[in-house]
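What follows is calculated from the coordinates using simple rules that are stated; it is not laboratory data. The model shown is predicted, which means the values in this text are computed figures rather than measured ones. All Cβ positions, even for glycine, are placed from backbone atoms using ideal geometry, and neighbour counts span all protein chains on display.
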Amino acid sequence: MKEVVFDELQEKIYTETLENGLKVVILPKRGYSKTFVTFTTKYGSIDRTFKPHGKNEFITVPDGIAHFLEHKMFEKEDGDVFQKFGLNGASANAYTTFGRTAYLFSATNKIKENTEVLLDFVQEPYFTKETVDKEKGIIAQEITMYDDQPDWRLYFGTIENLYKEHPVKIDIAGTVESIQDITAEHLYTCYETFYHPSNMLLFIVGAVDPEEMMAFVKENQSKKSFDQPEPIERQFPTETKGADIPKRTLTMDVSKPKLNVGMKCTSTDQQGQEMLESELSANLVLDSLFGRTSPFYEKAYEEGLIDESFSYEFSMEEGYGFAMVGSDTEEPERLEKLIRQTIQDSKEYWPVKEEDLERMRKKKIGQFMRSLNSIEFIANQYTRYEFNEMNLFDVVPTLEKLSMDKLKQAFSMFSDDSSYTVFEVKPADNK
Amino acid sequence: MFNKIKLQDGVNLYIRKTEQFKTVNVTIKWKAPLEQSAASERTVLANVLEESNEKYPTQIAMRKALDELYGTVLYTDVSKRSSQHIVSLFAECVNDEFFAGEDVLKQLFELIRAVVFEPKASEDAFDQTVVEREKRTVRDRIRSVYDDKTRYAQKRMLEIMRPDQPASISAYGTEEAVSAITNKSLHQAYEDMIQHDLIDIYVVGDVDEQDIVTKIKESLPFKARKVNERLEEKHANTSEDVKTVRERQDMKQGKLHLGFSTPVTFRHPDYNKMQVMNGIFGGFAHSKLFMNVREKESMAYYANSAFASQYGIVYVTAGIDAELEEKAVQLIVEQLKVMQQGDITELELNQTVALLENSIRSSNDSARSQIEIYDQYKELDENFTADELISKWHSVTLEDVKEMANTIQLEVVYLLSGKEDDSK
């Protein structure tokens, strides 16, 4: 077990990669009552074409399968796993993203018992035709629920505009139609391929003794047998440069139009420290151009082009990435023009001054320190960073040394004219 | 546990010293009676105060100052509890120990002082442009509920169940009430809030208690005020008939919201028993609603119940295929019926108590939750502890749960669903 101390942050982590390939990370938190444990596989909605474990041919599985699998892990021959967690006083959940599926619980009691439930239920798949078919109704309602959420449609509509081929454009849960094709056999194939311990990470954070927990996890894992780890071969289509569709509009029953500008990211082949620098820089650039201290924000807010729904984000993973800026607005055309103008102007005349960089650096460092109060943040983010060969605790030192050139470089990743798209949700005119 | 320090009549400071967090949290709460037009005024006021002050006259200046203080957070919000309207100011800064030579906490209190006591205003009026802008912002916020179909359906259900009563009055007030605000009425609302509201101030973090008391007395010189009698919740008349209301919008899913009334409220001696009853009914993933409506019948992705204890309401929400409304209502009502008949297991009881215990103990890990929970429970007992609450849940019996289920009465069935010609 390796111990790594982050003095400036007053945090300490313990890590070990077990014989079966499972990476275990433990972070004890002084003064905390609860423990939060996540068990995550590097497998999400974009992993739809791959070589199944032990096979040589690529296959493509129905859309929404990673999320479907996540749902189905909870049902066992002897009933629902929530029942067990409940009796142990643990609040359990799971989520699927583009690139990860995480199973988790938080509890203030019986941490070992609950960790055992977590490890065992994720490592003992049980799928039958009946249970799979039964789940289709539940997930269809989940998909329908998202269909009625204008902000979700706006977000996904923008991604669909940006990407022509890459599966990031496919809704994480799939569609009501695509999930009908999912079978128990599909689930086993995906499970065998992506749930090998060597493709997973267990993160334990909270009121725990690291030695004791590590020994407990090891013992649990040593009782189970797994095949030798094999590298997983995924296949992704070649994505064209630039946004696929420049603009689309969707009509929904909303009170005010919603506008979202998307910018597709180039150079998404980064990992590790390079990626960390790029994403932190891109975030700082967006803060300077669109944040609450920006001339853009002041003008847009004063003129009523944006309201409290205004937001922006930068998101990057291996193979895809984008920046987004959007808001509810009565004047989508004018707002779009102002966003676009802000991007254009920044290309001609770089608006970030040294003093701005220093101020934002301070802000980001403070924000990061604050987020370390949340054990959920630590577990979820550490895992995401690790899967991208970055370390969460490098954020502060990296922020401290980010240069203006790095910011300019990050800006150039998404500021090309061709990368630009617009998605709009318009109110139905039947009111 | 919080240490209470009385600063003035009606102005109390609660400090919790802990090394658990990397930040210091400061919350100020102004409490006044909940009333439609006052709620709107106080909401706009909260925004105006957050925006600008004499020291930092523009939003940019204010936000830059916060950024310089290592991303210190400072914002206002409004909420309601029972028949009380609450304006809150939330602030959080990173512990000074992380940044050698800085005194962020001291500067934070100076900032808070500017926000509360030095708004950008002349004798009796705020900056007119700011007022109009924030009126617009709050109107937009109220209107945007329409876009969130679950929130909208819940709002409608409460309006039908408890028209013009605290349960259905929004903490933001109404669009009309916001429009009616004048600069003068807003300034009057400010004076009222500063002079007459009950004020609770909370500080959680690695602080020196005496130092905090000194800083707060300096930066927040609130005067004494008359302490109002505790606001009692008025119990609404319950109707015998079940009202069924169906409304339509352009949408796909059916949002089914059921409102049940109960005489048991937050201050009722059976409050803790009702929390357990709600947990078994639909509060958790092992509950009757989850297991039957979702898992057994596959009718919904979510089917939950919640206990709005301040208003004596238990409500159920489920996202369903609208064509299955009748079946869903029947199934939900049936889950309650079996509980009324006493069909509840020890397992369900134990799971529920374990999860209630987990949730209250977990709240200890967030300074904000500690503040919010204590602020609510101190009304019952100033020496409130989680252990006490937990022991009360542990003493709840199956018979108690059955009894609680029998106090519940269905009042409203509300369904928001798509237009008929949408199914093509």
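Computed values, structure above
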item: In the range A:383-392, residue nearest to the other protein chains (Cβ to nearest Cβ) [restricted to those that are within 16 Å of A:Met316 (Cβ to Cβ) and outside any helix (DSSP H, G or I)]; result: A:Met390
item: Identity of the residue in the range B:153-172, part of a loop (DSSP other than H, G, I, E, B) and in contact with a strand residue (DSSP E or B) (Cβ under 9 Å, 6 or more places away or on another chain), that ends up farthest from B:Met251 (Cα to Cα); result: B:Pro166
item: Test: B:Glu118 is under 26 Å from B:Asp197 (Cα atoms), surrounded by fewer than 19 Cβ atoms within 10 Å (Cβ to Cβ), more than 8 Å from every other protein chain (Cβ to nearest Cβ) and in contact with an Asp or Glu (Cβ under 6 Å, 6 or more places away or on another chain); result: yes
item: Any hit, the range A:217-225, residues being free of Cβ contacts under 8 Å to residues at least 40 places away in the same chain, away from chain B (no Cβ under 14 Å) and outside any helix (DSSP H, G or I); result: yes
item: Cβ-Cβ under 7 Å pairs, at least 6 apart or on other chains, the range B:346-372 side closer than 24 Å to B:Tyr202 by Cβ and within 7 Å of chain A (Cβ to nearest Cβ), far side among the charged types (D, E, K, R) and not in a helix (DSSP H, G or I); result: B:Arg361/A:Lys34; B:Ser362/A:Lys34; B:Asp365/A:Lys34
item: Residues that are part of a helix (DSSP H, G or I) and under 19 Å from the mean Cα position of the chain (by Cα), drawn from the range B:194-217; result: none
item: Meets criteria (crowded, with 20+ Cβ neighbours inside 10 Å and not hydrophobic (A, V, I, L, M, F, W, C)) for B:Arg136; result: no
item: Total residues in the range B:16-63, condition within 14 Å of chain A (Cβ to nearest Cβ) and farther than 22 Å from B:Phe126 by Cα; result: 11
item: Looking only at the range A:281-329, and only at residues there that are among the hydroxyl-bearing types (Ser, Thr, Tyr) and assigned to a strand (DSSP E or B), the one that is farthest from the other protein chains (Cβ to nearest Cβ); result: A:Tyr320
item: Condition check for A:Asn93: without any contact (Cβ under 8 Å) to a residue 24 or more places away in the chain and within 14 Å of another protein chain (Cβ to nearest Cβ); result: yes
item: Test set (1) surrounded by fewer than 21 Cβ atoms within 10 Å (Cβ to Cβ); (2) more than 9 Å from every other protein chain (Cβ to nearest Cβ); (3) in contact with a helix residue (DSSP H, G or I) (Cβ under 7 Å, 6 or more places away or on another chain) - A:Gln344 fails condition number; result: (3)
item: First in the range A:200-212 and on the phi > 0 side of the Ramachandran plot, second anywhere and assigned to a helix (DSSP H, G or I), Cβ under 7 Å, 6 or more apart; result: A:Gly206/A:Ile375
item: Among residues of the range B:146-161, those that are in contact (Cβ under 8 Å) with a residue 24 or more places away in the chain and within 13 Å of another protein chain (Cβ to nearest Cβ), counted; result: 4
item: A:Asn260 being surrounded by 21 or more Cβ atoms within 10 Å (Cβ to Cβ) and free of Cβ contacts under 8 Å to residues at least 12 places away in the same chain; result: no
item: Qualifying residue in the range A:82-97 (condition: part of a loop (DSSP other than H, G, I, E, B) and closer than 25 Å to A:Ser178 by Cα); result: yes
item: Which numbered condition B:Glu379 fails, given (1) more than 19 Å from B:Asp400 (Cβ to Cβ); (2) in contact with a Phe, Trp or Tyr (Cβ under 9 Å, 6 or more places away or on another chain); (3) in a helix (DSSP H, G or I); result: (3)
item: Of the criteria (1) within 28 Å of B:Gln210 (Cβ to Cβ); (2) under 16 Å from the mean Cα position of the chain (by Cα); (3) surrounded by fewer than 23 Cβ atoms within 10 Å (Cβ to Cβ), which one B:Ala65 fails; result: (2)
item: Condition met for B:Glu123 (more than 14 Å from chain A (Cβ to nearest Cβ), over 19 Å from the mean Cα position of the chain (by Cα) and without any contact (Cβ under 8 Å) to a residue 60 or more places away in the chain); result: yes
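Residues are listed down the side, and each one gets a yes or a no for (1) outside any helix (DSSP H, G or I); (2) without any contact (Cβ under 8 Å) to a residue 12 or more places away in the chain; (3) on the phi > 0 side of the Ramachandran plot; (4) surrounded by 17 or more Cβ atoms within 10 Å (Cβ to Cβ):
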residue	(1), (2), (3), (4)
A:Met360	no, no, no, yes
A:Gly366	no, yes, no, yes
A:Asn373	yes, yes, no, yes
A:Gln381	no, yes, no, yes
A:Asp394	no, no, no, no
A:Asp405	no, yes, no, no
A:Ser418	no, no, no, no
A:Phe423	yes, no, no, yes
A:Lys426	yes, no, no, no
